[in-house]
Amino acid sequence: MTEEKTSYRGTRFFLNAAAFVIILWGINLAQPVLVLFLVAGFLATIGMMPLLWLERKGLHSAAAVFLVMAAMIILLSGIGILVGTSLSSFYDALPLYQTRFHEMLVGFRSMLAKRGITVTDKILLGYINPGMVMNFTASLFTSLSSALSNTLLILFLVIFVLLEASIFPAKLRLALDKPQADFPRVTRFFNEIKHYLVIKTVINLAGATLIIIFLSVLGVDFAVLWGFLAFLLAFVPTVGSIMAAIPAVLLAFIQFGGGTAVLTAAGYLVIGMILGNVIEPKIMGRKLGMSTLTVFVALIFWGSLLGPVGALLCVPLTLCLRLVCEMSEDTRWLAVLLGPDAPR
C-alpha cells in the first residue's frame, strides 16, 4: 500500500512538472498576444481611478471613458514624441561616445604604463566595454517600442476594459465557485494591485521628473531618455533603480569625467532612497512587498517569458501568481514562498 502511494505521488509530481513546462512553452509562444493584454491591463488599471471618480461625480460612464482616454492619448503621445526624438539622437551619437571612451581607455593605459603597469587591449576593450551597456539600453527601448507597436489595438482594449469596469464585480461573483468566501479576498487583492500600480506610477513619474531636472542641471546628454528609463525600471524594486542609473552614470563619465559621474550616481542614490525608502512605504505600506531574491527571480522568469514588458510588470504578475496559488491547497506552499511574510 505504501509503495502504491509513493508511486502515485511520483507520477503526480512528474505529470504536474510536465504540465508546468507545457504551460510555460505556450505562454512563450503566445508572447505577442499576452503582451498586448498586459499593456492594456496596465493602462486600464491606471485609468480606473479617474474613471470611477468621474462616475461618482455624476458623469455618464461613456463620457467618463471618453475623457480618460483623451487625457491618456494626449499624455502618451507627448511622452512618445519626446522619448522617440531623444532615442533617435542617442542612436546617432552612440558611435561618438564609444570612440571617446576608447580614447579615454588608451590614455588610462598610457598612464598605467608610465607607472610600470602593463594592461593589454584585451582587458581594456574586452572586459571594460561601455558599448555593451549602451547597446543594451538602446535594444531595451527598441524591443519595448516593438512590443507597443499595436498601439491602436491596445487603446481599443483599454476602452472596452474601462467600459466593463462597472459590471466586472458582478461577473466575478458569478464566476467564483464559492463567492461568499472567495469574492472578498479576490476583490481586496485586485484593489491592492490597483492601488499599487497607480501609486507606483505616480511615484515613478515624480522620480523621473527629478532625475530629468538633475541631469539637465549637470549637463548630461539625453536627460529625458534617462528619466524615462528610470520611470520604467523603477517598477522593478531594488535592482531596477540600479540598472537605470548605470547608462546615465557611464555617459556622465564619458562627457565630463569621474567627478560628474560620482555626482550623477549620488543624485540617483538620493532620489531613489527618498522615494523608495521614505515616501513609498508611507503611502503604500508593506502589504505588497517581496524579498529581493523573489524580485530578482521574478524579473528573470517573467522577462524570459514575456520580454521587457514582463520584466517591468514582474511584481504584479508575481502577485497574481501568488493569488492563484493561494486558491489551492496543493500550491499554497508556493504562495508562502512568494509572500513577504515569514512563515509562522
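Since every read-out is calculated from the coordinates, none of them should be taken as a lab result. Here the structure is a predicted model, which is why all the values come from computation and not from measurement. Note that each Cβ is placed from the backbone with ideal geometry, even for glycine, and that neighbours are counted across all protein chains shown.
For the reader, a short list of remarks on this structure follows.
- In Å, descending, principal axis extents of the Cα set of the range 36-76: 31, 18, 13
- The alpha-carbon positions of the range 23-111 define a convex hull whose volume is 198 Å³ per residue.
- Stretch gain in nm, segment Leu96-Ala70, where the contour uses 0.36 nm per residue and the Cα spacing is subtracted: 5.4 nm
- Taking the average, over residues, of other Cβ atoms within 10 Å as the packing measure, peptides 312-323, 197-208 rank 312-323, 197-208 from highest down.
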